[in-house]
Every structure is written in structure tokens, then in C-alpha cells.
Amino acid sequence: RHQLWDMVNYVKEKNSTLILLTTPINLIIPPKKVCKGATNALLKLEMEKIENEIKSEKYKIAFQKLELLKKKVLGNSRLLYFSGISTAKLGFPKTAEKILQKSAVFDCGAWRSNKIFNNIIREASTKHDLFLIDFDKIVNSQFGKGPLFLGDTYPQTLFYKKGK
């Protein structure tokens, strides 16, 4: 936040225009790393079983197990990811999107943006009265309606046209 606001102030001092852009987050890509304090050997074994159930398209069983685990385990990005995927497969894309956003936040791999960084950008836009292209909202408003990304990080070409 401080670095962004320093940049905003610098741009304003130079009488220039700053356009902010949120980063689209590909929610169907699994987290790279579970934080150390959010897992243990027993949970890892249970997550492997749940992953196999999801691969076998036993989404309801996986969902039920994940709901119980979510009450006991906080901040496990993999658990949240599987919960989001099973929720989406059961036909609840809006709820799944929220869960998958949390999964990205708790990803200790720190390889991509997440909702926290995007919210800092949104906040700076509001507080400093700057133009914002909410690219993440443009892309993920279509979550559950088909493939949104080309590969892991680049949105489909049609979204770049909507951002203009």
C-alpha cells in the first residue's frame, strides 16, 4: 500500500495521469504452496484422498469432507482450492469464486496477485480519485461460464477488448 501511494503521490507531483489496473487472477489454477502452519501429515493424507475423489468426480463426497475440515483448519490454500473446485462442480459458481479467491490469498507460493493486492489498488483508486480498470472483475465476473484464461496467467483475448 505504501509503495503504491508513494507512486501515486509522485505521479501527482509531476502533474501526470495514472491509470490503475487490477490483475486478473486465474482461480482454477491450484495454489503452489501451503503455508507451514496450516498443515500437518494427517491433513496431507486426507487432502490426497479428497483430491482423488475430485479426480473421480465424486464432488459431493469431497465437498462434505471439505466443509468439515474448513471448520477445523484455517488458512490452508489447498483445502480452500479443493473446496472451491468441488463447489463449482456442484453448480455454485459465485460461492466457488469467493472460496477460490481465499485460496489464492493463502497461497504461500506468492507467484501471482490476489484479492488483497487488487483491493489495495481499488482503494488507492477511490481515495486518490484515479481512473481504474478493474481487469480482475471484468474477467472473473464470467467465472463458471467457460475458460477465462489462456494458460495459467493470461486472460482470453476478448477480455482485453472489454478493458478498453
Quiz prompt | the range 1-91: GluC sites (Glu not before Pro) in DSSP loop, at most 13 other beta carbons within 10 Å | solution = 57
Practice problem: Would you kindly find the accessible area of residue 2, with a 1.4 Å probe and non-protein molecules such as ligands, DNA and RNA excluded, rounding to the nearest 10 Å²? | Solution: 140
Exercise. In whole Hz, with x marking every Gly and Pro, tabulate ³J(HN,Hα) for the range 147-158 from phi via Karplus 6.51 cos²θ - 1.76 cosθ + 1.60, θ = phi - 60°.
Key: x, 9, 10, 9, x, 7, 10, 9, x, 4, 4, 4
Self-check item: Relative frequency of Cα-Cα separations exceeding 19 Å in the range 55-137, percent
Solution: 47
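Quote the FRET efficiency, to the nearest 0.05, computed for residue 49 versus residue 28 with a Förster distance R0 of 30 Å and r equal to the Cβ-Cβ distance. Walk me through the intermediate numbers first.
Details: r = 21 Å, r/R0 = 0.70.
For R0 = 30 Å, the calculated efficiency reads 0.90.
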Quiz prompt | Dipole-positive endmost among 156, 113, 80 within the range 64-164 (Cβ charges, Cα centre) | solution = 80
Self-check item: C-alpha center-to-center spacing [the range 1-51, the range 130-164] in angstrom
Solution: 17
Quiz prompt | Expected 222 nm ellipticity per residue - DSSP helices of 4 or more, -39500 (n - 2.57), all of the chain, to 500 | solution = -17000 deg cm²/dmol
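Where only protein heavy atoms count, and the probe is 1.4 Å, what is the accessible area per residue for the chain in Å²?
Values: 10330 Å² over 164 residues.
Solvent-accessible surface per residue comes out at 63 Å².
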Exercise. Taking the Cβ of residue 111 as the centre, find all other residues whose Cβ is under 10 Å away and add up their charges (Lys, Arg: +1; Asp, Glu: -1).
Key: +1
Quiz item: Given H placed 1.01 Å from N in the peptide plane, which residues other than close sequence neighbours of residue 109 have an amide H under 5 Å from its amide H?
Solution: 32, 33
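How much of the accessible area of the chain, probe 1.4 Å, is carbon plus sulfur, in whole percent? Write down the numbers at each step before the final one.
Working: 5920 of 10330 Å².
Heavy-atom surface of the chain belonging to carbon and sulfur, 1.4 Å probe: 57 percent.
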Self-check item: In Å, descending, principal axis extents of the Cα set of the chain
Solution: 57, 35, 23
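The values are calculated or read from the model by the stated rules, or taken from the named source; none is laboratory data. For clarity, every value in this text was computed on a predicted model and none was experimentally measured. Note that each Cβ is placed from the backbone with ideal geometry, even for glycine, and that neighbours are counted across all protein chains shown. The protein model used for the area step is the full one, side chains on, heavy atoms only, and it has no ligands, DNA or RNA in it. Shrake-Rupley method; radii C 1.70, N 1.55, O 1.52, S 1.80 Å.
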